[in-house]
């Protein structure tokens, strides 16, 4: 059925009556030539909250915000509609209860048969949900752009430092102190880059539910001790005074000790980062009912009140320093909140404002103490290299392979290098190495195929297989374990960790089982 335009004033009035009585998704206001309301449909009652009797004869400006009325917006709409034939807009309007909603609207003039202005029709539609979605998408897009700019900045700084140090070493010869300083700088900046990548991956994995907690009965004091040790150098470097207060008796948790240590470490690093040199940081633990309460407090730069509700969101950084020189991607506190929530706990942030410090409080459920049950103690491997070993490094990146080979040779091992999967199998069969450090992404045959082939040969059954890959999720580790690897390392591989693994091998080349 087609809708024909009205041919007379009577038909126009009838069409207006039908619309006023039946259209519920649109607010339709019929106005006289001065803007007074002469009719009000059921959609206007639903959207604006007024019954028709409450608004008849009143100026339609009452549905506009105070700001728009000050700018004489209602008068402008009527004038534009009269002069141009219609006036369209999107803006906030006000309901009877004072609440506001975002609406798209149009005002059209109504003329009688003689061409005299009879009044106006204003039609509104509530599009608040669409407006909020658009604002949310715009905010997300802005945050994405800010994050990419911040990521670029954070990556370029350490890369520039590494590049400069490499150029300095290339110029040679150098005295030992210059080489040592350049080497330490490269290691420090590489560690920073690794931390940035790990934070990004952790947030992605947790958000997508790909991180599984390896929970067990652990003593909270052990977790705190490890976290303090991990952050001690950063705290000492800035000459902070760290005070620690915890109950003598153990507080037991059902937790993943590695992830919970990450929580406390991030909070301590955050406090050290935003506290001026010589400042005070406190770490306190209390038992409140069936909850362990961890408080990390500092007298640092503080947090603006408007930032507190957002401080745990990804890529959000409060401007807590005047020069924004502290760096970071704004992911540490996001990881803290999500890991705490995965443990069934809560985390809160508070601050009295800029320059007045901040406090982060973590609450975790405890479990009852069982008499006679002592905490698990992690087996710690020696940092010293193991016996002289024959090692195969299978890595398609030649610079990476050569660099690792030189390090292993320096500590007394014999090293062979392969740059493809088939070459790795050929060398392994010929040399029968004690250990094979195997990149997963090899050309010809990937690391999984190479590992399965090696495990199928009796003479290589005792070779210790270390997977080195750019992927470190639970699924990735499961796949390497099923392929026959003894250990899984994420690039860039930490050489101290490699030495620890190799030191666990005995003189005959048999692997101590370290499947971590």
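The values are calculated or read from the model by the stated rules, or taken from the named source; none is laboratory data. The shown structure was predicted, so the numbers you read here are calculated from the model rather than taken from an experiment. Backbone-built Cβ (ideal geometry, glycine too); neighbour counts: all protein chains shown.
Checking residue 173 against (1) at pLDDT below 75; (2) over 23 Å from residue 400 (Cα atoms); (3) surrounded by 11 or more Cβ atoms within 10 Å (Cβ to Cβ), only one condition comes out false. Which one?
For residue 173, the failing item is (3).
State yes or no: is residue 139 without any contact (Cβ under 8 Å) to a residue 40 or more places away in the chain and either under 18 Å from residue 26 (Cα atoms) or within 48 Å of the chain's Cα centre (by Cα) (or both)?
Numbers: without any contact (Cβ under 8 Å) to a residue 40 or more places away in the chain: yes; either under 18 Å from residue 26 (Cα atoms) or within 48 Å of the chain's Cα centre (by Cα) (or both): yes.
Yes, satisfied.
In this structure, does residue 122 turn out to be modelled with pLDDT of 90 or more, in a loop (DSSP other than H, G, I, E, B) and surrounded by 11 or more Cβ atoms within 10 Å (Cβ to Cβ)?
Details: modelled with pLDDT of 90 or more: yes; in a loop (DSSP other than H, G, I, E, B): no; surrounded by 11 or more Cβ atoms within 10 Å (Cβ to Cβ): yes.
When the stated conditions are applied, residue 122 does not pass them.
Out of the stretch 456-509, which residues are on the phi > 0 side of the Ramachandran plot and out of contact with any helix residue (DSSP H, G or I) (no Cβ under 7 Å at 6 or more places or on another chain)? Walk me through how you get there before you give the answer.
Step one: filter the stretch 456-509 for residues on the phi > 0 side of the Ramachandran plot, giving 484, 509.
Residue satisfying the conditions is 509 alone.
Go through (1) in contact (Cβ under 8 Å) with a residue 24 or more places away in the chain; (2) out of contact with any strand residue (DSSP E or B) (no Cβ under 8 Å at 6 or more places or on another chain) and name the single condition residue 237 misses.
Among (1) in contact (Cβ under 8 Å) with a residue 24 or more places away in the chain; (2) out of contact with any strand residue (DSSP E or B) (no Cβ under 8 Å at 6 or more places or on another chain), the lone unmet condition for residue 237 is (1).
Filter the stretch 242-278 for residues that are more than 28 Å from the chain's Cα centre (by Cα) and within 17 Å of residue 222 (Cα to Cα) and give the result.
Residues satisfying the conditions are 243, 244, 245, 246, 247, 248, 249, 250, 251, 252.
Sort out which residues of the stretch 260-304 are in contact with a helix residue (DSSP H, G or I) (Cβ under 7 Å, 6 or more places away or on another chain), over 18 Å from residue 342 (Cβ atoms), in a helix (DSSP H, G or I) and without any contact (Cβ under 8 Å) to a residue 60 or more places away in the chain, and write them in order of number.
Across the stretch 260-304, the qualifying residues are 268, 272.
Please work out if residue 283 is surrounded by fewer than 22 Cβ atoms within 10 Å (Cβ to Cβ) and modelled with pLDDT of 90 or more. Quick ask: steps written out before the conclusion?
Numbers: surrounded by fewer than 22 Cβ atoms within 10 Å (Cβ to Cβ): yes; modelled with pLDDT of 90 or more: yes.
Considered against the rule, which asks whether it is surrounded by fewer than 22 Cβ atoms within 10 Å (Cβ to Cβ) and modelled with pLDDT of 90 or more, residue 283 comes out as yes.
Just to check your reading of the model, which residue among 266, 299 is under 30 Å from residue 145 (Cα atoms) and surrounded by 14 or more Cβ atoms within 10 Å (Cβ to Cβ)?
On the way: 299 fails: under 30 Å from residue 145 (Cα atoms).
Among 266, 299, only 266 is under 30 Å from residue 145 (Cα atoms) and surrounded by 14 or more Cβ atoms within 10 Å (Cβ to Cβ).
Can you tell me which of 344, 328 is in the same structural domain as residue 287 (by TED's automatic domain parsing), modelled with pLDDT of 90 or more and assigned to a loop (DSSP other than H, G, I, E, B)?
Values: 328 fails: modelled with pLDDT of 90 or more.
Among 344, 328, only 344 is in the same structural domain as residue 287 (by TED's automatic domain parsing), modelled with pLDDT of 90 or more and assigned to a loop (DSSP other than H, G, I, E, B).
Considering each of 398, 430 in turn, give the residue that is assigned by TED's automatic domain parsing to the domain that holds residue 478 and either without any contact (Cβ under 8 Å) to a residue 12 or more places away in the chain or under 21 Å from residue 458 (Cβ atoms) (or both). Full working, then the answer.
Working: 398 fails: either without any contact (Cβ under 8 Å) to a residue 12 or more places away in the chain or under 21 Å from residue 458 (Cβ atoms) (or both).
Of the residues listed, the single one that is assigned by TED's automatic domain parsing to the domain that holds residue 478 and either without any contact (Cβ under 8 Å) to a residue 12 or more places away in the chain or under 21 Å from residue 458 (Cβ atoms) (or both) is 430.
Mind checking which pairs have a first residue in the stretch 152-176 that is not assigned by TED's automatic domain parsing to the domain that holds residue 193 and a second that is at pLDDT 75 or above, Cβ under 9 Å, 6 or more apart or different chains?
Hits for this filter: zero, empty list.
Go through the stretch 20-73 and report how many residues are more than 45 Å from the chain's Cα centre (by Cα), under 14 Å from residue 94 (Cα atoms) and assigned to a helix (DSSP H, G or I).
Residues in the stretch 20-73 being more than 45 Å from the chain's Cα centre (by Cα), under 14 Å from residue 94 (Cα atoms) and assigned to a helix (DSSP H, G or I): 3 in total.
Taking the residues in the stretch 77-93 that are assigned to a helix (DSSP H, G or I) and free of Cβ contacts under 8 Å to residues at least 24 places away in the same chain as candidates, determine which candidate is farthest from residue 59 (Cα to Cα). It would help to see each step written out before you state the result.
Step one: list which residues in the stretch 77-93 are assigned to a helix (DSSP H, G or I), which gives 77-84.
Okay, now just the ones that are also free of Cβ contacts under 8 Å to residues at least 24 places away in the same chain, so 79, 83-84.
Working: 79: 15, 83: 20, 84: 22 Å.
Among those that are assigned to a helix (DSSP H, G or I) and free of Cβ contacts under 8 Å to residues at least 24 places away in the same chain, it is 84.
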